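See structure below.
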Amino acid sequence: MNEILIQNTTDFFKETFGNMPDKIVLSPGRINIIGEHIDYNDGYVLPAAINKIVCFAFEINNSNTANIKAIDLNESVLIDITKEEIVSDVVWTNYLRGVLFQLKLKGYKIGGFNCSFSSNIPIGSGLSSSAALECGFLFGINEMFNLDIKPIDMALMGQSAEHWVGINCGIMDQFSSIMGLENKVIKIDCRTLDYTYHDADFANYSLLLFDSNLQHSLFTSEYNNRRIECEEGLSIINENYPEINSFRDCNEELLIGLKSKMTDNVFRRSLYAVKEIKRVIEACAALDKGDIKTLGKLMFETHDGLSK
(Lines give C-alpha, C1' and ligand atoms only; values in the text may rest on other atoms or scores of the structure.)
Protein backbone atom coordinates (compact mmCIF):
# COMPACT_ATOMS: atom_id res chain seq x y z
CA MET A 1 0.00 0.00 0.00
CA ASN A 2 2.80 2.44 0.86
CA GLU A 3 4.53 1.67 -2.47
CA ILE A 4 1.42 2.84 -4.34
CA LEU A 5 1.25 5.99 -2.20
CA ILE A 6 4.92 6.78 -2.90
CA GLN A 7 4.45 6.23 -6.63
CA ASN A 8 1.31 8.37 -6.79
CA THR A 9 2.95 11.19 -4.83
CA THR A 10 6.02 11.08 -7.08
CA ASP A 11 3.92 11.00 -10.27
CA PHE A 12 1.80 13.94 -9.06
CA PHE A 13 4.93 15.93 -8.24
CA LYS A 14 6.46 15.32 -11.68
CA GLU A 15 3.21 16.20 -13.45
CA THR A 16 2.73 19.38 -11.37
CA PHE A 17 6.26 20.75 -11.18
CA GLY A 18 7.82 19.19 -14.28
CA ASN A 19 10.69 17.47 -12.45
CA MET A 20 11.34 14.36 -10.44
CA PRO A 21 11.55 15.27 -6.73
CA ASP A 22 14.95 15.70 -5.09
CA LYS A 23 13.78 14.08 -1.87
CA ILE A 24 11.06 11.63 -0.79
CA VAL A 25 10.19 11.52 2.93
CA LEU A 26 7.95 8.97 4.64
CA SER A 27 6.57 10.13 7.99
CA PRO A 28 4.69 7.56 10.11
CA GLY A 29 1.66 7.89 12.33
CA ARG A 30 1.67 6.19 15.70
CA ILE A 31 -0.30 4.13 18.16
CA ASN A 32 0.14 4.36 21.92
CA ILE A 33 0.05 0.98 23.63
CA ILE A 34 -0.44 2.48 27.08
CA GLY A 35 0.21 5.80 28.83
CA GLU A 36 -2.72 7.99 27.81
CA HIS A 37 -2.90 11.63 28.97
CA ILE A 38 0.48 11.14 30.64
CA ASP A 39 2.92 12.81 28.27
CA TYR A 40 1.96 16.27 29.56
CA ASN A 41 2.01 14.98 33.15
CA ASP A 42 5.75 14.14 33.33
CA GLY A 43 5.03 10.44 33.11
CA TYR A 44 5.99 7.64 30.74
CA VAL A 45 4.33 6.64 27.48
CA LEU A 46 4.72 3.53 25.34
CA PRO A 47 4.05 4.39 21.68
CA ALA A 48 5.11 2.78 18.41
CA ALA A 49 5.38 4.15 14.89
CA ILE A 50 3.08 2.32 12.42
CA ASN A 51 3.11 1.61 8.71
CA LYS A 52 0.51 4.29 7.92
CA ILE A 53 2.39 7.29 6.57
CA VAL A 54 2.41 10.76 5.08
CA CYS A 55 4.51 10.71 1.91
CA PHE A 56 6.25 13.97 0.91
CA ALA A 57 8.04 14.87 -2.32
CA PHE A 58 10.37 17.89 -2.28
CA GLU A 59 12.64 19.96 -4.51
CA ILE A 60 14.42 23.28 -4.04
CA ASN A 61 13.00 25.91 -6.42
CA ASN A 62 15.54 28.75 -5.96
CA SER A 63 12.91 31.30 -4.96
CA ASN A 64 11.50 32.79 -1.74
CA THR A 65 8.27 30.80 -2.04
CA ALA A 66 7.18 27.46 -0.66
CA ASN A 67 4.71 25.98 -3.17
CA ILE A 68 2.86 23.18 -1.37
CA LYS A 69 0.24 20.81 -2.82
CA ALA A 70 -2.04 18.71 -0.58
CA ILE A 71 -2.90 15.93 -3.04
CA ASP A 72 -5.71 14.30 -1.03
CA LEU A 73 -7.50 17.62 -0.49
CA ASN A 74 -6.86 18.92 -4.01
CA GLU A 75 -5.70 22.15 -2.38
CA SER A 76 -2.48 24.15 -2.48
CA VAL A 77 -0.81 27.04 -0.71
CA LEU A 78 1.94 29.51 -1.60
CA ILE A 79 3.96 30.75 1.39
CA ASP A 80 6.50 33.57 1.22
CA ILE A 81 9.23 32.22 3.49
CA THR A 82 10.70 35.71 4.03
CA LYS A 83 7.54 36.93 5.80
CA GLU A 84 6.34 36.34 9.36
CA GLU A 85 3.94 33.41 9.64
CA ILE A 86 0.37 34.03 10.82
CA VAL A 87 -2.39 31.51 11.51
CA SER A 88 -4.60 30.90 8.47
CA ASP A 89 -8.26 29.99 8.12
CA VAL A 90 -7.12 26.99 6.03
CA VAL A 91 -6.41 24.64 8.95
CA TRP A 92 -4.10 22.08 7.29
CA THR A 93 -1.67 24.81 6.21
CA ASN A 94 -1.15 25.91 9.82
CA TYR A 95 0.77 22.77 10.78
CA LEU A 96 3.26 23.59 8.01
CA ARG A 97 3.27 27.31 8.79
CA GLY A 98 4.01 26.38 12.41
CA VAL A 99 7.08 24.44 11.30
CA LEU A 100 8.29 27.38 9.19
CA PHE A 101 7.70 29.69 12.16
CA GLN A 102 9.84 27.44 14.39
CA LEU A 103 12.65 27.44 11.83
CA LYS A 104 12.64 31.26 11.72
CA LEU A 105 12.43 31.47 15.51
CA LYS A 106 15.55 29.34 15.89
CA GLY A 107 17.49 31.21 13.22
CA TYR A 108 17.59 28.56 10.48
CA LYS A 109 17.92 29.93 6.95
CA ILE A 110 16.09 28.17 4.13
CA GLY A 111 15.13 28.95 0.54
CA GLY A 112 12.01 28.30 -1.47
CA PHE A 113 10.90 24.81 -2.40
CA ASN A 114 8.16 22.79 -4.07
CA CYS A 115 6.36 20.11 -2.08
CA SER A 116 3.51 17.69 -2.61
CA PHE A 117 2.20 15.23 -0.04
CA SER A 118 -0.36 12.47 0.34
CA SER A 119 -1.31 10.23 3.26
CA ASN A 120 -2.93 6.93 4.16
CA ILE A 121 -3.21 7.83 7.86
CA PRO A 122 -6.95 8.17 8.54
CA ILE A 123 -7.67 11.74 9.66
CA GLY A 124 -9.24 12.08 13.11
CA SER A 125 -8.49 8.48 14.06
CA GLY A 126 -6.10 9.21 16.93
CA LEU A 127 -3.08 8.05 14.90
CA SER A 128 -1.32 11.43 15.02
CA SER A 129 -1.70 12.49 11.41
CA SER A 130 -0.87 16.08 12.39
CA ALA A 131 2.42 15.07 14.06
CA ALA A 132 3.35 13.00 10.99
CA LEU A 133 2.61 16.04 8.83
CA GLU A 134 4.74 18.41 10.93
CA CYS A 135 7.64 16.02 11.40
CA GLY A 136 7.81 14.81 7.81
CA PHE A 137 7.69 18.39 6.53
CA LEU A 138 10.46 19.46 8.92
CA PHE A 139 12.55 16.35 8.17
CA GLY A 140 12.41 17.09 4.44
CA ILE A 141 13.40 20.73 4.89
CA ASN A 142 16.23 19.69 7.21
CA GLU A 143 17.54 17.28 4.57
CA MET A 144 17.16 19.66 1.61
CA PHE A 145 18.89 22.61 3.23
CA ASN A 146 21.42 20.65 5.31
CA LEU A 147 20.28 22.25 8.55
CA ASP A 148 21.71 19.45 10.72
CA ILE A 149 18.82 19.51 13.21
CA LYS A 150 19.04 16.56 15.59
CA PRO A 151 16.08 14.11 15.61
CA ILE A 152 14.97 14.92 19.17
CA ASP A 153 15.15 18.65 18.39
CA MET A 154 12.97 18.02 15.34
CA ALA A 155 10.42 16.31 17.57
CA LEU A 156 10.46 19.28 19.97
CA MET A 157 10.08 21.74 17.09
CA GLY A 158 7.15 19.71 15.75
CA GLN A 159 5.52 19.89 19.19
CA SER A 160 6.12 23.66 19.32
CA ALA A 161 4.58 23.98 15.84
CA GLU A 162 1.41 22.31 17.12
CA HIS A 163 1.37 24.61 20.14
CA TRP A 164 1.59 27.52 17.68
CA VAL A 165 -1.49 26.15 15.91
CA GLY A 166 -3.32 26.22 19.26
CA ILE A 167 -3.13 22.60 20.44
CA ASN A 168 -1.29 22.23 23.74
CA CYS A 169 -0.04 18.70 23.02
CA GLY A 170 2.66 16.70 24.79
CA ILE A 171 5.79 15.38 23.11
CA MET A 172 4.73 11.77 22.46
CA ASP A 173 3.27 12.05 18.95
CA GLN A 174 6.17 13.91 17.36
CA PHE A 175 8.76 11.85 19.23
CA SER A 176 7.17 8.60 18.01
CA SER A 177 7.05 9.74 14.40
CA ILE A 178 10.70 10.83 14.36
CA MET A 179 12.24 8.15 16.61
CA GLY A 180 10.12 5.05 15.89
CA LEU A 181 11.82 1.79 14.87
CA GLU A 182 10.36 -1.26 13.14
CA ASN A 183 9.01 -3.93 15.51
CA LYS A 184 9.82 -1.81 18.57
CA VAL A 185 7.86 0.22 21.07
CA ILE A 186 9.45 3.23 22.77
CA LYS A 187 9.21 3.93 26.47
CA ILE A 188 9.61 7.71 26.68
CA ASP A 189 10.27 9.55 29.92
CA CYS A 190 8.31 12.72 29.22
CA ARG A 191 10.12 14.66 31.94
CA THR A 192 13.67 14.04 30.71
CA LEU A 193 13.09 12.72 27.14
CA ASP A 194 15.20 9.68 28.01
CA TYR A 195 13.91 6.69 26.06
CA THR A 196 14.37 2.95 25.72
CA TYR A 197 13.24 0.55 23.00
CA HIS A 198 11.41 -2.66 23.84
CA ASP A 199 10.66 -5.56 21.51
CA ALA A 200 7.10 -5.49 20.19
CA ASP A 201 6.79 -9.29 20.03
CA PHE A 202 3.16 -10.14 20.57
CA ALA A 203 3.67 -13.81 19.65
CA ASN A 204 0.23 -15.34 19.00
CA TYR A 205 -1.61 -12.12 19.85
CA SER A 206 -2.54 -9.17 17.66
CA LEU A 207 -3.24 -5.55 18.42
CA LEU A 208 -6.50 -4.41 16.83
CA LEU A 209 -7.40 -0.77 16.34
CA PHE A 210 -11.15 -0.26 16.05
CA ASP A 211 -12.90 2.64 14.34
CA SER A 212 -15.38 4.01 16.87
CA ASN A 213 -16.97 6.18 14.14
CA LEU A 214 -16.35 9.17 16.42
CA GLN A 215 -13.90 11.56 14.78
CA HIS A 216 -11.08 12.75 17.04
CA SER A 217 -9.86 16.33 16.95
CA LEU A 218 -7.72 17.96 19.61
CA PHE A 219 -9.33 21.28 18.62
CA THR A 220 -12.85 20.15 19.59
CA SER A 221 -12.13 17.48 22.21
CA GLU A 222 -11.82 17.97 25.95
CA TYR A 223 -8.05 17.57 25.64
CA ASN A 224 -7.07 21.06 26.77
CA ASN A 225 -9.61 20.90 29.63
CA ARG A 226 -8.02 17.66 30.84
CA ARG A 227 -4.66 19.38 30.93
CA ILE A 228 -6.07 22.25 32.99
CA GLU A 229 -7.72 19.85 35.46
CA CYS A 230 -4.50 17.84 35.87
CA GLU A 231 -2.52 21.05 36.43
CA GLU A 232 -5.01 22.10 39.12
CA GLY A 233 -4.69 18.72 40.84
CA LEU A 234 -0.91 18.87 40.81
CA SER A 235 -1.01 22.43 42.16
CA ILE A 236 -3.12 21.28 45.14
CA ILE A 237 -0.72 18.40 45.80
CA ASN A 238 2.26 20.77 45.68
CA GLU A 239 0.59 23.26 48.04
CA ASN A 240 0.26 20.51 50.64
CA TYR A 241 3.46 18.63 49.83
CA PRO A 242 5.96 21.16 48.43
CA GLU A 243 8.50 18.43 47.69
CA ILE A 244 6.14 16.85 45.14
CA ASN A 245 6.24 18.56 41.75
CA SER A 246 5.02 15.70 39.57
CA PHE A 247 2.36 12.98 39.60
CA ARG A 248 5.14 10.41 39.20
CA ASP A 249 6.39 11.36 42.67
CA CYS A 250 2.91 10.96 44.15
CA ASN A 251 1.05 7.83 45.28
CA GLU A 252 -2.61 6.85 45.59
CA GLU A 253 -2.68 7.00 49.40
CA LEU A 254 -1.35 10.56 49.49
CA LEU A 255 -3.79 11.64 46.79
CA ILE A 256 -6.81 10.09 48.52
CA GLY A 257 -5.85 12.09 51.62
CA LEU A 258 -6.26 15.29 49.58
CA LYS A 259 -9.58 14.31 47.98
CA SER A 260 -11.60 16.77 50.09
CA LYS A 261 -9.49 19.66 48.76
CA MET A 262 -10.27 18.86 45.10
CA THR A 263 -13.36 18.93 42.93
CA ASP A 264 -14.56 15.49 41.86
CA ASN A 265 -13.27 15.97 38.31
CA VAL A 266 -9.84 17.17 39.42
CA PHE A 267 -9.49 14.27 41.87
CA ARG A 268 -10.45 11.67 39.26
CA ARG A 269 -8.06 13.13 36.66
CA SER A 270 -5.24 13.17 39.22
CA LEU A 271 -5.90 9.62 40.44
CA TYR A 272 -5.95 8.38 36.86
CA ALA A 273 -2.59 10.05 36.14
CA VAL A 274 -0.92 8.49 39.18
CA LYS A 275 -2.24 5.03 38.29
CA GLU A 276 -1.43 5.31 34.60
CA ILE A 277 2.21 6.24 35.20
CA LYS A 278 2.58 3.07 37.28
CA ARG A 279 0.84 0.99 34.58
CA VAL A 280 3.36 2.01 31.89
CA ILE A 281 6.27 0.77 34.02
CA GLU A 282 4.44 -2.53 34.60
CA ALA A 283 3.63 -2.81 30.88
CA CYS A 284 7.30 -2.53 29.90
CA ALA A 285 8.20 -5.25 32.38
CA ALA A 286 5.45 -7.47 30.95
CA LEU A 287 6.64 -6.91 27.36
CA ASP A 288 10.22 -7.71 28.28
CA LYS A 289 9.06 -11.03 29.75
CA GLY A 290 6.75 -11.77 26.81
CA ASP A 291 3.81 -11.68 29.25
CA ILE A 292 1.16 -10.45 26.85
CA LYS A 293 -1.76 -11.42 29.11
CA THR A 294 -0.53 -9.02 31.80
CA LEU A 295 -0.07 -6.32 29.15
CA GLY A 296 -3.67 -6.90 28.06
CA LYS A 297 -4.91 -6.63 31.64
CA LEU A 298 -3.11 -3.30 32.03
CA MET A 299 -4.58 -2.03 28.75
CA PHE A 300 -8.10 -2.87 29.99
CA GLU A 301 -7.36 -0.95 33.21
CA THR A 302 -6.28 2.05 31.13
CA HIS A 303 -9.47 1.88 29.07
CA ASP A 304 -11.53 1.71 32.26
CA GLY A 305 -9.66 4.72 33.64
CA LEU A 306 -10.09 6.75 30.47
CA SER A 307 -13.80 6.04 30.21
CA LYS A 308 -14.57 6.80 33.85
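The values are calculated or read from the model by the stated rules, or taken from the named source; none is laboratory data. Everything numeric here is computed off the predicted structure, so don't read it as measured data. When we count neighbours, we look across all protein chains shown, and the Cβ atoms used for this are built from the backbone with ideal geometry, even at glycine. Heads up: the accessible areas ignore ligands, DNA and RNA and are worked out on the full protein's heavy atoms, side chains in. Shrake-Rupley method; radii C 1.70, N 1.55, O 1.52, S 1.80 Å.
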Determine whether GLU36 is of a type in the set (D, E, K, R) and without any contact (Cβ under 8 Å) to a residue 60 or more places away in the chain. no
Which of the residues that make up the range 7-37 are within 19 Å of ARG279 (Cβ to Cβ) and either open to solvent by 10 Å² or more (accessible area, probe 1.4 Å) or in contact with a Cys (Cβ under 7 Å, 6 or more places away or on another chain) (or both)? ARG30, ILE31, ASN32, ILE33, GLU36, HIS37
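Would you tally the residues in the range 141-186 being part of a loop (DSSP other than H, G, I, E, B), open to solvent by 30 Å² or more (accessible area, probe 1.4 Å) and at pLDDT 95 or above?
4
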Is it the case that some residue within the range 84-95 is open to solvent by less than 40 Å² (accessible area, probe 1.4 Å), touching an Asp or Glu at 6+ places or on another chain (Cβ under 6 Å) and under 24 Å from ASN146 (Cβ atoms)? yes
Selection from the range 146-167 of residues that are closer than 22 Å to GLY111 by Cβ and without any contact (Cβ under 8 Å) to a residue 60 or more places away in the chain: ASN146, LEU147, ASP148, ILE149, LYS150, ASP153, MET154, MET157, GLY158
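State yes or no: is LEU295 open to solvent by 30 Å² or more (accessible area, probe 1.4 Å) and either at pLDDT 95 or above or under 26 Å from the mean Cα position of the chain (by Cα) (or both)?
no
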Taking the condition of being open to solvent by 10 Å² or more (accessible area, probe 1.4 Å) and under 20 Å from ARG191 (Cα atoms), how many residues in the range 253-276 meet it? 5
Give me the residue from the range 1-15 that is of a type in the set (A, V, I, L, M, F, W, C) and assigned to a helix (DSSP H, G or I) and, out of that set, farthest from ILE68 (Cα to Cα). ILE4
Among the listed residues ILE86, ILE34, which satisfies the condition of being touching a Ser or Thr at 6+ places or on another chain (Cβ under 7 Å), among the hydrophobic types (A, V, I, L, M, F, W, C) and not in a helix (DSSP H, G or I)? ILE34
Considering the range 36-69 alone, what residues qualify as being in contact with a Leu (Cβ under 7 Å, 6 or more places away or on another chain) and polar (S, T, N, Q)? THR65, ASN67
List the pairs whose first member sits in the range 87-116 and is in contact (Cβ under 8 Å) with a residue 12 or more places away in the chain and at negative phi, whose second member is among the charged types (D, E, K, R) and outside any loop (DSSP other than H, G, I, E, B), and whose Cβ atoms are under 6 Å apart, counting only residues at least 6 apart or on separate chains? TYR95/GLU134; VAL99/GLU134; ASN114/GLU59; SER116/LYS69
Conditions (1) open to solvent by 60 Å² or more (accessible area, probe 1.4 Å); (2) within 24 Å of GLY290 (Cβ to Cβ); (3) in contact (Cβ under 8 Å) with a residue 12 or more places away in the chain; number of the one not met by HIS198: (1)
Listed by first then second residue, the pairs whose first member lies in the range 255-273 and is within 12 Å of ARG226 (Cα to Cα), whose partner is among the acidic types (Asp, Glu) and part of a helix (DSSP H, G or I), with beta carbons under 7 Å and at least 6 positions apart or on separate chains, are ASN265/GLU229; VAL266/GLU229; VAL266/GLU232; ARG269/GLU229
The number of residues in the range 93-128 that are at pLDDT 95 or above, under 18 Å from LEU26 (Cα atoms) and either part of a helix (DSSP H, G or I) or small (Gly, Ala, Ser) (or both) is 6
Scan LEU193, LEU234, LEU214 and give me the residue that is within 24 Å of ASN265 (Cα to Cα) and open to solvent by less than 60 Å² (accessible area, probe 1.4 Å). LEU234
If ASP42 passes every condition in (1) surrounded by 16 or more Cβ atoms within 10 Å (Cβ to Cβ); (2) acidic (Asp, Glu); (3) more than 21 Å from the chain's Cα centre (by Cα) but one, which one does it miss? (3)
